[in-house]
Amino acid sequence: MSEYNSKQKKNLLKKLKAINMTNEKDILNMKVAELKKINQNEDILNLTIKDVEMIWIMQEAIENKGLWDFFVDIN
């Protein structure tokens, strides 16, 4: 989990919040079409491949009941 720093994770959360992805259920059920909304919003930075990778990891963490571990590096 430590390959992404806290600033990258915070920026991703801002992007997701901007398209009304505000809870675990929203993130887990996110569709690709919803990700396009991020790039259409001029108020936030465009989505990057690294962001998509973090979303996949976040979704996996939600499924495994380990979202806390995604945000906190205990190593």
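Taking DSSP loops as anything outside H, G, I, E and B, show the longest stretch in the chain free of GluC sites (Glu not before Pro) there with at most 15 other beta carbons within 10 Å.
Numbers: sites that count: E3, E42.
In the chain, the maximal stretch lacking such sites is 4-41.
When only the heavy atoms of the protein chains count and the probe is 1.4 Å, how do M54, M30 rank by accessible area, highest first? Provide the component values of the computation, followed by the final result.
On the way: M54 0, M30 25 Å².
Largest to smallest exposure gives the sequence M30, M54.
Determine the order of L45, L35, L13 by accessible area, beginning with the largest, at a probe radius of 1.4 Å.
Order by accessible area, largest first: L45, L13, L35.
With label points built 7 Å along Cα→Cβ from the Cα atoms of N20 and W68, find their separation and express it in nm.
Modelled inter-label distance: 3.1 nm.
What is the stretch 1-61's relative contact order, in percent, from Cα pairs under 8 angstrom and six or more apart in sequence? Working shown, then result.
Values: 26 pairs, mean separation 20.5, N = 61.
Computed value for the stretch 1-61: 34 percent relative contact order.
Just from its helices, what would the mean residue ellipticity at 222 nm be for the chain, if runs of 4 or more DSSP H residues each count -39500 (n - 2.57) and the sum is divided by every residue, rounded to the nearest 500 deg cm²/dmol?
Dividing the helical sum by the residues of the chain leaves -18000 deg cm²/dmol.
Angle check, please: helix 6-18 long axis (alpha carbons) against the longest principal axis of the chain (alpha carbons), in degrees 0 to 90, nearest 10.
That works out to roughly 40 degrees.
The values are calculated or read from the model by the stated rules, or taken from the named source; none is laboratory data. Predicted model, so just to flag it, every value in this text is computed and none were measured. Neighbour counts run over all protein chains shown; Cβ positions are idealised from the backbone, glycine included. All accessible areas refer to the heavy atoms of the entire protein, side chains included, with ligands and DNA or RNA removed. Shrake-Rupley method; radii C 1.70, N 1.55, O 1.52, S 1.80 Å.
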